[in-house]
C-alpha cells in the first residue's frame, strides 16, 4: 500500500467502529469518576480493550491502563494518551449525584480517540506494514484536585505524585515510549483546531489553619478563629494580584474545603486548597514563596497555627514542532487550514496539563479540536459533535502515526533525532521531589 492507501484503509476501519467508539465515550460520560477513583471507568475501558483484542497491562497507578500493539517490524513506540478522570462539577448535566464528578473537560472523548486510532491501524492491516508500535495509554488523574484525598493515598504508599502521567513516569510505564500524541475537545473553541502554544506551570497546596474552639456567643474571647486566619490569608493572596507581571500568566486561586463545624462554635480548623501558576517553573517558585507568606500571615494575625503542604504540580507543555506539523497536515484533510488557529511556542494558556511533564522528557503534541459547546470545567460544557470529537480525531492520529512509522519509521526517526529533552527521567523526578514542602508554623504562643 502507498501511504495514502494506508490512511484510507485505517480511516475506513475507524468509521466501521465509529458507533461502538462513541457508545463507549457516552457510557463513560454518564458514569464519571474523579482522579485516582476511576475504578469502574477503568474496568469499562479494559472490557472494551478485551473486546477489541488490544493487549494491555493494568492497573498502573491505581487505575491506569497501558496497551501495546506491535507493528510488522521493530521501530519506535508511539503512545496515544487518553484520560480516565472527570472533575467535580455538581451542577453539570451529567454529574454523578452522589460525588459531583462530571466530564466537563472531554476526557471521555480522548479514550475513544486513542482506542479508535489503535484499532484503525491494526484491523486494517496497516500496522503490519509499519516499523514500530502503538501504545494506547489510558491514564488516571489529570485534574489535580481533591488534594486531601491524594495526600491520604500518598501516606498509604499507593502513589507518590498526584497525577497519572507523573506516576506513569515514576513507575517506568513510559520508559519504552518514544513519543506521545493526545488532544482535548475544546468548548467554545475559536477555530476548528487549536494547535501549538504552551500551558502554565504550577504547584498545588493543601493548607490547614488551626485555632481554638469556643462558644461563638458565650465565650468567643476564649477562641482562636481559624476561619478568620483563612480570611486574612485570602485577602493577602488577593493583594498579590496587582503585582502580577503582564505576559507571565500568573494565577493564584483557591477553594475552602472545610470552613468550620457548626455555627455556634468558633471554627477551630479550616482547610484550603490553593493553586499557584505561572508560565515558567522559576516564576512559580517565586510566587509560591509569596503565597506562603500570605498563609503564614493569616495564622500570625489571629495567633493560630498553619500547616502548609506544597505538592509538585505540572510543567509547561512543549509541543514538538515536527509532530505538530504532521498533525496539522493531516487535520487539513478535514478542515480548511484557514479555520485552524496556530499558536507560537511562547503563547501560554492559563490552564495546566500534566502532559507538560512528559514533554520535558519525550516529544509530545497536544492540540485541541472543536466538537463541544460551553467552557471547559464549567457546567455548560457538553460534547455535541462526536464525529469531530472522537471519530475524526482517531483518523487524524492514525494518519499521523502512519506518517511517523511508514518508510522504516523515517518520520519518527527525524522527530527523535531533532528532539533534545529538557530533562532526563532521573532529573525530572529529582526536580519534582525538590518542589514538595511540608511546613508547620505555630503563632499561638505569640502575644
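Being surrounded by fewer than 20 Cβ atoms within 10 Å (Cβ to Cβ) and out of contact with any strand residue (DSSP E or B) (no Cβ under 6 Å at 6 or more places or on another chain) is the filter; apply it to the stretch 73-94 and report the residue that is modelled with the lowest pLDDT. Ranking the qualifying residues of the stretch 73-94, first place goes to 93. On inspection, residue 396 qualifies as within 18 Å of residue 7 (Cβ to Cβ) and either surrounded by 15 or more Cβ atoms within 10 Å (Cβ to Cβ) or at pLDDT below 95 (or both).
Please verify whether the stretch 391-398 includes one or more residues that are in contact with a strand residue (DSSP E or B) (Cβ under 6 Å, 6 or more places away or on another chain), within 19 Å of residue 362 (Cα to Cα) and part of a helix (DSSP H, G or I). Among the residues of the stretch 391-398, at least one is in contact with a strand residue (DSSP E or B) (Cβ under 6 Å, 6 or more places away or on another chain), within 19 Å of residue 362 (Cα to Cα) and part of a helix (DSSP H, G or I), which makes the answer yes. Cβ-Cβ contacts under 9 Å between residues 6 or more apart (or on different chains), taken from a first residue in the stretch 417-443 that is in the same structural domain as residue 151 (by TED's automatic domain parsing) and over 27 Å from residue 75 (Cα atoms) to a second residue that is surrounded by 14 or more Cβ atoms within 10 Å (Cβ to Cβ) and at pLDDT below 95, are absent. May I ask you to verify whether residue 434 is surrounded by fewer than 20 Cβ atoms within 10 Å (Cβ to Cβ) and within 30 Å of residue 208 (Cβ to Cβ)? So residue 434 fits the description; yes. Among all residues of the stretch 158-176, there is at least one that is more than 22 Å from residue 372 (Cβ to Cβ), in contact (Cβ under 8 Å) with a residue 24 or more places away in the chain and more than 20 Å from the chain's Cα centre (by Cα). Screening the stretch 173-199 for residues that are part of a loop (DSSP other than H, G, I, E, B) and more than 22 Å from residue 137 (Cβ to Cβ) and picking the one that is modelled with the lowest pLDDT gives 189.
Listed by first and then second residue, the pairs linking a residue in the stretch 228-249 that is within 27 Å of residue 316 (Cα to Cα) to a residue that is outside any helix (DSSP H, G or I), with Cβ atoms under 6 Å apart and 6 or more places separating them unless they lie on different chains, are 237/252; 244/250; 248/278; 248/279; 249/200; 249/279; 249/348; 249/350.
So, residue 404, is that one under 30 Å from residue 20 (Cα atoms) and either under 21 Å from the mean Cα position of the chain (by Cα) or in a helix (DSSP H, G or I) (or both) or not?
yes
Screening the stretch 22-59 for residues that are under 22 Å from residue 151 (Cα atoms) and in contact with a strand residue (DSSP E or B) (Cβ under 6 Å, 6 or more places away or on another chain) and picking the one that is surrounded by the most Cβ atoms within 10 Å (Cβ to Cβ) gives 32.
Restricting attention to the stretch 36-43, does a residue exist that is over 30 Å from residue 159 (Cα atoms) and in the same structural domain as residue 394 (by TED's automatic domain parsing)?
Initial filter on the stretch 36-43 (over 30 Å from residue 159 (Cα atoms)): none.
There is no residue in the stretch 36-43 that is over 30 Å from residue 159 (Cα atoms) and in the same structural domain as residue 394 (by TED's automatic domain parsing).
Yes or no: the stretch 352-371 includes at least one residue that is in the same structural domain as residue 172 (by TED's automatic domain parsing), under 30 Å from residue 18 (Cα atoms) and over 20 Å from the mean Cα position of the chain (by Cα). Within the stretch 352-371, none of the residues are in the same structural domain as residue 172 (by TED's automatic domain parsing), under 30 Å from residue 18 (Cα atoms) and over 20 Å from the mean Cα position of the chain (by Cα).
The values are calculated or read from the model by the stated rules, or taken from the named source; none is laboratory data. Owing to the predicted nature of the structure, the values given are computational and were not obtained by experimental measurement. Glycine also receives a Cβ, built like all others from the backbone with ideal geometry; neighbour counts cover every protein chain displayed.
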